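Single-structure report; data block below.
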Amino acid sequence: MHDRDDTGHLEEQDPGAGPAMPIGTALDRLLRQRGMEDALVLGRVASCWEDVVGPEVARQVHPQLVRDGELLVSVDHPAWATELELAGSTVLSRLAQQLGDMAPQRLSVRVVPGSRR
């Protein structure tokens, strides 16, 4: 199939291709189709993490995994684990504001010595 572009030149069209869309949207769709939505959610969490928890906490607490609506984060000291467990509902609420329906519903904290980046 051929169409003319704005300059009158012929351009080839793939008849099986859908409408053009931003790469992020296409990637989201592909990950969902492949059953990899948890990886997509983790990426979204990581991209807004500092805004959600603040810079000091973000340096100490790192999102590691999302699985079936649960966000697993790692800390390198038990004191940070306690702090995050106390603030868990606030963190989840802020993630819901940022991510909407994609936001994790539960939070788990794992102490991993030396996990600081």
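The values are calculated or read from the model by the stated rules, or taken from the named source; none is laboratory data. From a predicted model like this one, the values you see are computed outputs, not experimental measurements. All Cβ positions, even for glycine, are placed from backbone atoms using ideal geometry, and neighbour counts span all protein chains on display.
What single numbered condition from (1) touching a helix residue (DSSP H, G or I) at 6+ places or on another chain (Cβ under 9 Å); (2) part of a loop (DSSP other than H, G, I, E, B) fails to hold for residue 113?
The failed condition is (1).
Take residue 64 and tell me if it is outside any helix (DSSP H, G or I), in contact with a helix residue (DSSP H, G or I) (Cβ under 9 Å, 6 or more places away or on another chain), more than 24 Å from residue 23 (Cβ to Cβ) and of a type in the set (S, T, N, Q).
Yes, satisfied.
Return the residue satisfying two criteria in turn: it lies in segment 86-117 and is touching a strand residue (DSSP E or B) at 6+ places or on another chain (Cβ under 9 Å) and of a type in the set (Lys, Arg), and of such residues it is nearest to residue 74 (Cα to Cα).
Result: 110.
With the condition kept exactly as written, say whether any residue in segment 25-46 is in a strand (DSSP E or B) and either of a type in the set (Asp, Glu) or modelled with pLDDT of 90 or more (or both).
No, segment 25-46 contains no residue that is in a strand (DSSP E or B) and either of a type in the set (Asp, Glu) or modelled with pLDDT of 90 or more (or both).
Per-residue answers, yes or no, for (1) part of a helix (DSSP H, G or I); (2) at pLDDT 95 or above; (3) not β-branched (Val, Ile, Thr):
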residue	(1), (2), (3)
71	no, yes, yes
82	yes, no, no
92	yes, yes, yes
96	yes, yes, yes
99	yes, no, yes
107	no, yes, yes
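With the condition kept exactly as written, say whether any residue in segment 49-57 is more than 23 Å from residue 114 (Cβ to Cβ), of a type in the set (Val, Ile, Thr) and touching a residue at least 40 places away in the same chain (Cβ under 8 Å).
yes
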